[in-house]
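Take a look at the structure below.
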Amino acid sequence: AAEPSNKLRYLWSHLTRVRSFTPWSLQHGSPILAMTASLQTPEDGLNHQYDRIFGEGGGLRPEWGTPHELSSSHEYMQPYLEMVPKPLRPLYQVPQPIEIRPTEFTKPWDTAQRPPVRTLWVKSRLKLPDDSNVHERILTYISDWGFLETSVMPHPTGMWERSMQMASLSHSIHFHRPFRADEWLCHAMYAPSASGGRGFALGEIYNEEGDLVASTTQEGVIRQRPGLPPKYPERE
């Protein structure tokens, strides 16, 4: 894992003569990130979207509501601040630059079993420049939020259980259509599989008009570690 207080060193190399490259991120001389990126200049072409993963008809679902009628994760968590682990508490004490509004709020330590499906409305609170590169970078960051947690939902454990070890192993995002990360986007996620200490999740990101602007995947460690107390002290 990276240390935010220390500098990162980035290295990169071309894989082919087209515009693809692989960067590595180093900290203290050790690799902490490897990324493969394929770049393209905008062009016209065949255009369709077939998005029936979440039900007949595809696109935005009525049960997801609209962001304008939902509360933010920050608002939901205010009554539970004393139950949040101290290292994470600053994330919930004040509104963050990224606003997240879940269609259904679940406390991170809730061990109730539920289907491995979740939906988040997300956007930057700040107005962003008219630069598509900035919006794609912001959405790449946002798309990691709550993604791996989806693969834990069918099981009688919670993401913040001390006995759970969770970490991303791989994360991908494919951009399909122009969008703005300072306007509401809906990240619909589901986890078709969890096995062998790993969870796998897929996602689709829509704008408010129902256009599929990006698709996501993530695989990560979801390992239960025996011998550790099951709950954080703040919730005992």
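The values are calculated or read from the model by the stated rules, or taken from the named source; none is laboratory data. Keep in mind that this is a model prediction, so the values were computed, not measured. Cβ sites come from the backbone with ideal geometry, for glycine too, and all protein chains shown count toward neighbours. Heads up: the accessible areas ignore ligands, DNA and RNA and are worked out on the full protein's heavy atoms, side chains in. Shrake-Rupley method; radii C 1.70, N 1.55, O 1.52, S 1.80 Å.
For the pair SER5 and ARG198 in one chain, pulling the backbone fully straight at 0.36 nm per residue adds 66.6 nm over the alpha carbon distance.
Two numbers describe the Cα atoms of region 101-194: Rg and Dmax, which are 14.8, 44 Å.
Counting heavy atoms of the protein chains alone, TYR76 has an accessible area of about 70 Å² for a 1.4 Å probe. Computed from the C-beta positions of ASP44 and TYR141, the FRET efficiency with R₀ = 30 Å rounds to 0.55. Considering all different alpha carbon pairs of region 61-159, the Kirkwood hydrodynamic radius works out to 14.9 Å.
Across region 92-104, rounded Karplus estimates of 3J(HN,Hα) from the backbone phi angles (6.51 cos²θ - 1.76 cosθ + 1.60, θ = phi - 60°) give 10, 6, 10, x, 8, x, 9, 9, 10, 10, x, 6, 9 Hz, Gly and Pro being marked x. Taking all protein chains as shown and a probe of 1.4 angstrom, LYS123 keeps an accessible surface of around 40 Å². Counting pairs of alpha carbon atoms under 8 Å apart in space and at least six apart in sequence, what relative contact order in percent does region 84-236 give? The value is 26 percent. For ARG198, the residues whose modelled amide H falls within less than 5 Å of its own, excluding neighbours fewer than 5 places apart on the same chain, are ILE222.
When nucleic acids and ligands are ignored and a 1.4 Å probe is applied, ARG177 ends up with an accessible area of around 50 Å².
With the Kirkwood sum run over all distinct C-alpha pairs, region 77-124 has a hydrodynamic radius of 12.4 Å.
Of the residues SER124, SER5, ranked by 1.4 Å probe accessible area with the largest first, the sequence reads SER5, SER124. Dividing the mean sequence gap of close Cα pairs (under 8 Å, 6+ apart) by how many residues region 136-209 holds gives a relative contact order of 34 percent. Between GLU69 and SER30, the C-beta separation translates, for a Förster distance of 45 Å, into a calculated FRET efficiency of about 0.45.
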